[in-house]
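Coordinate-derived values only; no laboratory data. On a predicted model such as this, the values are computed, not experimentally measured, just so you know. Using ideal geometry, Cβ is built from the backbone for each residue, glycine included, and neighbour counts are taken over all protein chains shown.
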Amino acid sequence: MATAIVSGVLAGKPGNGGNAWARLSVVVGLRRLGLDVFFVEQIRNIDTDRLGYFEEVMRQFGLTANATLVAGGEYFGIARHELEAIAADATLLVNFGGHLTIPALMQPARCKIFLDDDPGFTQLWERLATGTGRLTGHDFYVTFGENIGRPGCPIPTGDIDWHATRPAVVLDDWPVVEGLGRGVFTTVATWRGPYGPVSWNGRTFGLKVHEFRRFLELPARTGQSFELALDIHRDEERDLALLHAHGWLLADPHSVAGNPLTFRGYVQNSSAEYSAAQGIYVETESGWFSDRTVRYLASGKPALVQDTGFSRNLPTGEGLIAFRTLDEAVAGVQSIVSDYERHSRVARSLAEEYFDSDKVLGRLLELVGL
């Protein structure tokens, strides 16, 4: 049996249940395809919250015996010598964002994949020499920015041949949950995110906050309920006041989506998703598509999401509706509400056709010759 190591940030973002699904669906999905898979996370600093979260998530996924958190030279989980022996025999490394840099764990893998889930940020940081050199040392480079390297997408590719991929969902983990839920359009989001704006060639690319502000009138224009499980600092008084004044409901993301299981429950108890995207994804036409949105679709929840250029690659209009303007978002809400059952059926079918882990990861293995 071939051995694979998957690495990415998990304990580094404690309380982010959606982020956990993005990484661990690859672990579970590769297992379904017959690989012996281990999850390894490398972070700089450890504390009880991060370690506790890591251990909790591993228990939820049944991965305690196949996972290690490495911090400050300490190995929590599989012992160092055992993990190095596993790495020495590994056929495949899937390295989300290049966060795994320990030579003894990274270099031996016969095929090393850099998985870019922050298209635009990754490439521009590298060109601006503000990155950490995480792109080096890999054999293949795959990205959720499906339009990178295509006409109309200004993200520089450098000397790298970027291959497009999509977020993977294990459909058995995300069954259809029928009904209108609470009758609310929801999403889970960070108001500003961990990164500041990026400037390139005289142009500054915005963040998600700048996009959300463009659509503040949506609840009033549609008469529907919209709830954001929003990570926003309490000092953002102006924006909080604007959200409340325009009828947005706010939920605490750590309470409703703080681990993978509560996140799944929140998505499945929603009617549909509404979300804006990071400005850099939108303005570069990167084609990025949200792993979170994939979970809504798999659950039979229609998604109304800001177009990042993904409409060039995926069918939209039923189940998945892309918008660029406030008027288009209003029309999308009206369409979903007027024929919810049809949109719900198509949402699930889109997940089955375009995001099923068996297909997405199967194509990835074919790409790298495995």
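Some notes on this structure:
- Residues 333, 360, 169 in ascending order of nearby Cβ atoms (within 10 Å, fewest first): 360, 333, 169.
- Backbone HN-Hα couplings from phi across the stretch 291-304 [Karplus 6.51/-1.76/1.60, Hz, Gly and Pro as x]: 4, 4, 4, 4, 5, 4, 4, 4, 7, x, 9, x, 10, 10
- Of the GluC sites (Glu not before Pro) found in the stretch 100-197, the ones in coil according to DSSP and having at most 15 other Cβ atoms within 10 Å of their Cβ are 178.
- Long-range lysine pairs (8 or more apart or interchain), the chain, Cα under 26 Å: 6
- Estimated FRET transfer efficiency (residue 225, residue 314; beta-carbon r; R0 25 Å; 0.05): 0.40
- Take the Cα of residue 326, step 7 Å toward its Cβ, do the same at residue 1, and the gap between the two points is 5.6 nm.
- The trypsin sites (Lys or Arg not before Pro) of the stretch 28-117 that DSSP puts in a loop, and whose beta carbon has at most 13 other beta carbons within 10 Å, are 44.
- For the stretch 1-112, a simple Cβ point-charge model (Lys and Arg +1, Asp and Glu -1, everything else neutral) yields a dipole of about 360 debye relative to the Cα centre.
- Proximity of backbone amide H atoms, modeled 1.01 Å from N, is registered between residue 200 and 205 at under 5 Å, excluding neighbours fewer than 5 places apart on the same chain.
- Note on the chain: Rg/Rh from C-alpha atoms, Kirkwood Rh, equals 0.95.
- Our coupling estimate for the stretch 41-47, obtained by passing each phi through the Karplus curve with A = 6.51, B = -1.76, C = 1.60 and θ = phi - 60°, is 10, 10, 10, 6, 10, 10, 8 Hz, Gly and Pro reported as x.
- Helix 340-354 vs. the chain, principal-axis angle (Cα, 0 to 90°, nearest 10): 20 degrees
- For residue 323, the residues whose modelled amide H falls within less than 5 Å of its own, excluding neighbours fewer than 5 places apart on the same chain, are 305, 306, 307.
- Restriction of the trypsin sites (Lys or Arg not before Pro) in the stretch 309-363 to DSSP coil positions whose beta-carbon has at most 15 other beta-carbons within 10 angstrom yields 324.
- In Hz, Karplus ³J(HN,Hα) per residue of the stretch 331-337 (6.51, -1.76, 1.60; θ = phi - 60°; x = Gly, Pro): 5, x, 4, 4, 5, 5, 5
- Rounded to the nearest 20, the Cβ-based charge dipole of the chain about its Cα centre (Lys and Arg +1, Asp and Glu -1) stands at 200 debye.
- Sorting 113, 5 from the fewest to the most surrounding beta carbons within 10 angstrom yields 113, 5.
- Formal net charge of residues neighbouring residue 179 (Cβ-Cβ distance under 11 Å; K, R +1; D, E -1): 0
- Volume of the Cα convex hull of the stretch 1-51, divided per residue and given in Å³: 64 Å³
- The sum of -39500 (n - 2.57) across all DSSP H runs of n ≥ 4, divided by the residue count of the chain, sets its helix-only mean residue ellipticity at 222 nm to -10000 deg cm²/dmol.
- Which of 68, 157, 187, 165 has the fewest Cβ neighbours within 10 Å, and the rest in rising order: 157, 165, 68, 187
- Cα gyration tensor category, rounded, prolate or oblate, for the stretch 225-306 with a/c compared to 1.5: oblate
- 5 angstrom amide H check on residue 251, placed H, neighbours 5+ away: 228, 229, 230
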